[in-house]
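**Student:** For reference, the structure I am asking about is given below.
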Amino acid sequence: MSKGVAITGMGIISAIGNNVQENYESLIGEKMGIDKITQIETIHKDEIMVGEVKATNSELEQRLGLEANTYSRSPMLGIIAAQEAIRQAGITDINDYKTGLISSTTVGGMDKSEQYFFEYFKNKEHHHHIDGLHAGDSTQKIANYLGLEGSFMTTISTACSSAANAILLGARMIKSGRLDRAIVGGTDALSKFTINGFKTLMILSDTYNTPFDDNRKGLNLGEAGAFLVLESDKIVEKENRAVLAYVSGYGNANDAFHQTASSDNGDGAVMAMEKALKVAGLKPEHIDYVNAHGTATPNNDLSEGRAMIRIFGEGKVPQFSSTKAYTGHTLAVAGGVEAVYSVLALQNNRIYPNLNFKTPMSEFNLLPETESKEKVLEHVLSNSFGFGGNCSTLILSKEA
Amino acid sequence: MKKSVYINSVGSVSAQKTYDNSTFLDEIVPYEATELKVVDPDYKAYIPPAAARRMAKGIKMSTVSSQTALKEAGLENVDAIIVGTGLGCLDDSAKFVSDIINNDEQFLTPTRFIQSSHNTVAGQIALGLGCKGYNFTYVNSAVSFESSLLDAQLQIENSEANNILVGGVDELVDHHVQSHQLIGHFKNEPVTQKTLLSSNTEGSIMAEGSHFFVLSNEKQASTYAELKGVEIYNSLSLENLSSQVQSFLDHSDTELEAIDLVVMGNNGDSNFDGYYDSLNQGIFKYTPQAYFKHLSGEYDTATGFAFWLSSKIIKTQTVPDIVKLNSLEKPPKTVLIYNQYRGQNHSLVLLKKC
Amino acid sequence: MSELKQELKEKIIEQLNLEDIAIDEIADTDPLFGEGLGLDSIDALELIVMLDKDYGIKLADPKEGRKIFESIDTMAGYISEHRSR
């Protein structure tokens, strides 16, 4: 049995593209997806910038053949991404092997719940959205769309590290033989709930987010759906699958420092990276590129930067960048979006620029990559950290 | 060689007086209602006032049940914390949404938003214990708790952890009850313990609760039972249900005849209790049967109550009369829990005396 | 001024759920954060909302709060100087 778990398909819809190819073109073309908000009516529309998927709900409904206003936005983004992943893997019958669906979300169907919260009691028109509030609903809708039956299905919500944890669980379940195939990732649509929530924490930037810059003002919220197909060696061999890359390492730890903030020294982040390296059987110097969490909040980038220095050593941090300047912070899905980007980096031997970076941070000597670069990559490390101290790291590798 | 998984302790806050581990359903709380609140322990005895001031009810309940479980297991810390919750600290989420609407997105405060994050219970427990280990939160409706169990089982079997704090928690919230009454998920007419299953109306009665357990790779004096198997199915048809249960038992090396008690998730919903009836009248016709939602009420992590109940039954070797569904009796050594919610999110959990 | 200080103490206790603390236990010069009353960064955000809602004072950067919320004295001083309601 190989050490890594094979990735045989991936799909994504984000602010910088409606599929994998479009996302990659935006990444190397340095095309940001951050703009003024258009799909949600909010009084904060002039003070914030967001990474919206460039499609209205009706366009998404049309694409999926749904009647108007039947689903909230999260399940639609999730279905689109999961379908693309399954298509790429070449799966024709989702139930032909022991398959599990592991999704993640922070808000699920909140976009509709907040819209009809009191209206439910006045008329029946939107009653079908009542049951769409709970986080598992979007996952069930994705499962139904994919035709998944009698299968393992769950949803993870560990704030901004959720999708990374979905990938971690999928890899563990395949390694242990509990599943032959896992469809893993997440989906989160923008909502007034998250916009106002992050506003109360005063960590939203009123302009383009600038990860790892000394003058960073906070994050831009984003939305996305992103899924990967993980398959066992048995399937890869039997079905002669083209393997895109391998999940070779994963680590999960808790910072246990504060309800929302990361510790100054990034203890949780250090532990997550250490665990991931150990699972992968790699040393820090084997990592060729780090796709950082890099949300552009004062707290995250300082904590993560210090954690990277602790893991790799002063002056030895590998080339790194945050892609949040492209997509915004897609919350639960961030780890999924960035896993897709990390696989693309491995496939194309490409490092993405950390857009909007101008001034190095005063606390340490760390310079993110600012230009799109070609480099032979074997191992990419991707970080995702969230509220509640949740820290997760994935290592994706070209070879098993 | 896969390691065995032991249930070394329990902690429970529910609609019954379960927070005291020295008792076992000695007194039953009567009701005639459409919803059930928990019997509140004296939270102040567990939580210092400075820590309690921002705590949502779900966190308070979970502080009590997790501390109870840790104490009984004789542990000060664990290797991992895994929590399931269908809706998280829903009361704060609902209030935050109301505030957004009523105040037109102005003057909102962060506390309600922070508590709304589904992982807030797991995060707060970790913060309280200073536990930097694996930390996970599952949020998949009626299998949120089972997802946590399965994850813990996987880690202990594969020697990734020795002691894991596993739990489930959900809050009872007015807006949720009222909105789901509109669509028949919860009953509009009050029921009692005795009439829940015979009500012959659609929906169930919403409740709340928090149940935590220490799962371990080592048996000790406090051990309740061994966890032999957990499985989750997103959907199952009535026709395939029996064969799926059979295949789960085969996989767990357990004969159908070896099951001494089945604990069923009947919740009095006339549209969906048929799943339980088909097993009770079918493959489990000659098996002692029990139910629990007439005591716990229905919530996404109500199976945490079933897991508590089954653990207690095995440890004490007594099946309280109040939970019996039929008159068959066998010494309860092997117990199977089956649950589903509205025809979806089915789960099977197998426990054995050890 | 002493009226405003009294009002602030009441509001802080209510807003931040400091059930176990009585108004006369908070001295005007006591530090509110850290060792004193033991408030933290989330409380600071709560107080920023209070400034906005009750006194019409908007802070754009949470760091500004640190100096303002040092004690009841500093808070009252800042509010009486900048309040618009």
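The values are calculated or read from the model by the stated rules, or taken from the named source; none is laboratory data. Just so it is clear, the model here is predicted, and its values are computed rather than measured. With ideal geometry, Cβ positions are generated from the backbone for all residues, glycine too; neighbour counts draw on all protein chains shown.
**Student:** With the structure loaded, tell me whether A:L346 is of a type outside the set (F, W, Y) and touching a helix residue (DSSP H, G or I) at 6+ places or on another chain (Cβ under 7 Å) or whether it fails that test.
**Tutor:** In short, no.
**Student:** Among the numbered criteria (1) closer than 18 Å to A:F227 by Cα; (2) at pLDDT below 95, which single criterion is violated by A:L331?
**Tutor:** All conditions are met except number (2).
**Student:** Within the stretch A:238-254, does at least one residue satisfy the condition of being buried (at least 24 other Cβ atoms within 10 Å of the Cβ), assigned to a loop (DSSP other than H, G, I, E, B), modelled with pLDDT of 95 or more and in contact with a Ser or Thr (Cβ under 6 Å, 6 or more places away or on another chain)?
**Tutor:** no
**Student:** List the helices (runs of 4 or more DSSP H) that sit entirely inside chain C and contain at least 1 residues that are more than 14 Å from every other protein chain (Cβ to nearest Cβ) and closer than 25 Å to A:F257 by Cβ.
**Tutor:** Correct list: C:62-68.
**Student:** Which numbered condition in (1) at pLDDT 95 or above; (2) surrounded by fewer than 18 Cβ atoms within 10 Å (Cβ to Cβ) is the only one that B:V38 fails?
**Tutor:** (2) is the only condition that B:V38 fails.
**Student:** Right, here's the next one. Would the stretch B:241-253 turn up any residue that is out of contact with any Leu (no Cβ under 8 Å at 6 or more places or on another chain) and buried (at least 21 other Cβ atoms within 10 Å of the Cβ)?
**Tutor:** no
**Student:** Please find, within the stretch B:90-130, the residue that is surrounded by the most Cβ atoms within 10 Å (Cβ to Cβ) out of those that are over 21 Å from the mean Cα position of the chain (by Cα), within 29 Å of A:G251 (Cβ to Cβ) and more than 7 Å from every other protein chain (Cβ to nearest Cβ).
**Tutor:** So, considering only residues that are over 21 Å from the mean Cα position of the chain (by Cα), within 29 Å of A:G251 (Cβ to Cβ) and more than 7 Å from every other protein chain (Cβ to nearest Cβ), the one surrounded by the most Cβ atoms within 10 Å (Cβ to Cβ) is B:L129.
Table: residues versus (1) out of contact with any Leu (no Cβ under 6 Å at 6 or more places or on another chain); (2) within 14 Å of chain B (Cβ to nearest Cβ); (3) surrounded by fewer than 18 Cβ atoms within 10 Å (Cβ to Cβ).
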position	(1), (2), (3)
A:K54	yes, no, yes
A:N69	yes, no, yes
A:I91	yes, no, no
A:I102	no, yes, no
A:E114	yes, yes, no
A:H128	yes, yes, yes
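**Student:** Tell me the residue from A:G78, A:G65 that is among the small types (G, A, S) and touching a Ser or Thr at 6+ places or on another chain (Cβ under 6 Å), please.
**Tutor:** After applying the criteria, what remains is A:G78.
**Student:** If you take the residues in the stretch A:130-152 that are within 10 Å of another protein chain (Cβ to nearest Cβ) and assigned to a loop (DSSP other than H, G, I, E, B), which one is nearest to A:S113 (Cα to Cα)?
**Tutor:** Looking at the filtered set, the residue picked out is A:L133.
**Student:** Is it the case that B:F272 is crowded, with 17+ Cβ neighbours inside 10 Å and free of Cβ contacts under 8 Å to residues at least 40 places away in the same chain? Give the steps one after another, and end with the answer.
**Tutor:** Working: crowded, with 17+ Cβ neighbours inside 10 Å: yes; free of Cβ contacts under 8 Å to residues at least 40 places away in the same chain: no.
No, not satisfied.
Residue by residue, here is whether (1) facing chain A (nearest Cβ under 9 Å); (2) of a type in the set (D, E); (3) under 22 Å from A:A135 (Cβ atoms) holds:
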site	(1), (2), (3)
B:K132	yes, no, no
B:N135	yes, no, yes
B:N140	yes, no, yes
B:F145	no, no, yes
B:L149	no, no, yes
B:Q155	yes, no, no
B:N158	yes, no, no
B:N163	no, no, no
